[in-house]
Amino acid sequence: MKQPELKLNVELEQKAESPVRISLLINSIYYFIESVFIMTVKEGYRLVIIHQCRLLTDEIYKTARGARIAFAKRYGNKAWRVGVKAEWSRFYPPERNWLDDKFREKKRKK
């Protein structure tokens, strides 16, 4: 069965004053989720959660803290053991085409 193509509209071309930066959930494996990150966008902070080519969450929050709290509320109880806390990286600019490559890779998986 062919999986639906993952579509995620990402505007990488932002003003020079505010380039896209991301913060990865370092220990996403403990939540049984493939990819979790927060990216800066014009509107605020975008929480993106992808697992097995499915976009589970794509929401914008006013603050990075708000996005992290939303993740903890929704997925905190899915950790493989009690007491696991989300560990986030600092915000940093992703390598060129990182987001495009990530989604392209998801499309190839069957």
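The values are calculated or read from the model by the stated rules, or taken from the named source; none is laboratory data. Every value quoted in this text rests on a predicted model; they were computed, and no experiment measured them. Cβ placement follows ideal geometry from the backbone for every residue including glycine, while neighbour counts extend to all protein chains displayed. Heads up: the accessible areas ignore ligands, DNA and RNA and are worked out on the full protein's heavy atoms, side chains in. Shrake-Rupley method; radii C 1.70, N 1.55, O 1.52, S 1.80 Å.
Some notes on this structure:
- Summed residue charge, Cβ within 12 Å of T57's Cβ, Lys/Arg positive, Asp/Glu negative: +2
- In order along the range 74-84, the phi-based Karplus estimate (6.51 cos²θ - 1.76 cosθ + 1.60, θ = phi - 60°) of 3J(HN,Hα) comes to 7, 10, x, 7, 8, 4, 6, 8, 5, x, 6 Hz; Gly and Pro are listed as x.
- Amide N of the range 17-39 lying under 18 Å from the label point, which is placed 7 angstrom from the Cα of Y92 along Cα→Cβ: 19-29, 35-39
- Global form of the range 39-96, assessed from the alpha-carbon gyration tensor, a/c cut-off 1.5: prolate
- Potential lengthening between K42 and R21 on full extension [0.36 nm per residue; Cα-Cα distance subtracted]: 6.4 nm
- Computed on protein heavy atoms with a 1.4 Å probe, the accessible areas place W98, W80 in the order W80, W98, largest first.
- Karplus-derived 3J(HN,Hα) values for the range 89-96, using 6.51 cos²θ - 1.76 cosθ + 1.60 with θ = phi - 60°, are 6, 5, 6, 8, x, x, 4, 3 Hz; glycine and proline are entered as x.
- Label separation (K78 vs K62): 2.7 nm, computed from points 7 Å beyond Cα along the C-beta direction.
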